[in-house]
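Single-structure report; data block below.
Every read-out reported here was derived from the displayed coordinates using simple, explicitly stated rules and does not represent laboratory data. From a predicted model like this one, the values you see are computed outputs, not experimental measurements. When we count neighbours, we look across all protein chains shown, and the Cβ atoms used for this are built from the backbone with ideal geometry, even at glycine.
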Amino acid sequence: MGFFNLYKPREYGYRYIYYDPKKEEKKEKEKLRADVESEPHKPILRRGVFREMADKNKNFRVEQMRKSNLRLVIILFTMLAILYYLFS
C-alpha cells in the first residue's frame, strides 16, 4: 500500500511580521465607502430647512438674552442692597 502514497510536502504557513497601518486604514475606508454606496441616497436639505433653523436659532438667542438680562438685574439689585447697607 505504500507504493501509491505520494509524498506531499507540508505547507509553509508564513506569518506576516510587518504591519502597515495606512494599508489597514485604506481597507477600512473602502469598506465604509462600499457600505455607504449600497444605501439609498437621502437628501439632507429639504424645502424650508434654513427657515426652520433660523427660527430655532432666533428663539435660542432671545432666550439667552432674557436670561442674561435677568442675571444683570439681580446683580444690580444685590449691589444696590450692599451699598445701602454700607452707607446706612
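Can you compute the charge dipole magnitude of the chain about its Cα centre, using +1 on each Lys and Arg Cβ and -1 on each Asp and Glu Cβ, nothing else charged? Give it in debye, rounded to the nearest 20.
220 debye
For P(r) over Cα pairs in 5 Å bins from 0, in percent, pick the label among (1) 3, 13, 21, 20, 14, 9, 6, 5, 5, 3, 1, 1, 0, 0; (2) 2, 9, 12, 14, 12, 10, 9, 8, 8, 9, 5, 1, 0; (3) 2, 8, 6, 6, 6, 6, 7, 7, 7, 6, 6, 6, 5, 5, 4, 3, 2, 2, 2, 1, 1, 1, 1, 0, 0 that corresponds to the value derived from the coordinates.
(3)
With springs connecting C-alpha atoms under 10 Å apart, model the chain as a Gaussian network and identify which of LEU45, LEU76, LEU32 has the largest mean-square fluctuation.
So, out of LEU45, LEU76, LEU32, the one fluctuating most is LEU76.
How far is helix 49-87 tilted off the main Cα axis of the chain, in degrees rounded to 10, range 0 to 90?
50 degrees
Roughly how many nanometres apart are two label points built 7 Å out from the Cα toward the Cβ at TYR12 and ARG71?
Between TYR12 and ARG71, the label points sit 7.2 nm apart.
Where does the longest stretch of the chain lie that holds no trypsin sites (Lys or Arg not before Pro) found in a DSSP loop with 14 or fewer other Cβ atoms within 10 Å?
Answer from the scan: 48-88.
Rounded to the nearest 10 degrees, what's the angle between the helix 21-38 long axis and the longest principal axis of the chain, both from Cα atoms, 0 to 90?
Helix 21-38 and the main axis of the chain meet at about 80 degrees.
Please enumerate, by chain and number, the aspartates and glutamates with C-alpha under 16 Å from the C-alpha of LYS22, excluding those fewer than 8 residues away in the same chain.
Within the straight-line limit of under 16 Å, LYS22 reaches these aspartates and glutamates: GLU30.
What 222 nm value per residue comes from the helices of the chain, counting each DSSP H run with n ≥ 4 as -39,500 (n - 2.57) and dividing by all residues, nearest 500 deg cm²/dmol?
The helix contribution divided over the chain gives -23500 deg cm²/dmol.
Could you give the longest part of the chain that holds none of the chymotrypsin sites (Phe, Trp or Tyr not before Pro) found in DSSP loops with at most 14 neighbouring Cβ atoms within 10 Å?
In the chain, the maximal stretch lacking such sites is 20-88.
Can you tell which of VAL36, VAL49, VAL73 shows the greatest fluctuation in a Gaussian network model of the chain with Cα springs below 10 Å?
Maximum among the listed residues: VAL73.
FRET efficiency for TYR84 and GLN64, Cβ-Cβ distance as r, R0 = 25 Å, nearest 0.05?
Taking R0 as 25 Å, the efficiency between TYR84 and GLN64 is 0.25.
On a straight-distance basis, which aspartates and glutamates could pair with LYS29 in a cross-link, Cα separation under 13 angstrom, same-chain partners fewer than 8 positions away excluded?
Straight-line reach from LYS29, under 13 Å: GLU37.
Students often forget the sequence filter, so: which lysines lie under 28 Å Cα-Cα from LYS67 once same-chain residues fewer than 8 apart are removed?
LYS56, LYS58
How much length, in nm to one decimal, is gained on full extension between GLU30 and ARG51, taken as 0.36 nm per residue of separation minus their Cα-Cα distance?
So the extension gain works out to 3.9 nm.
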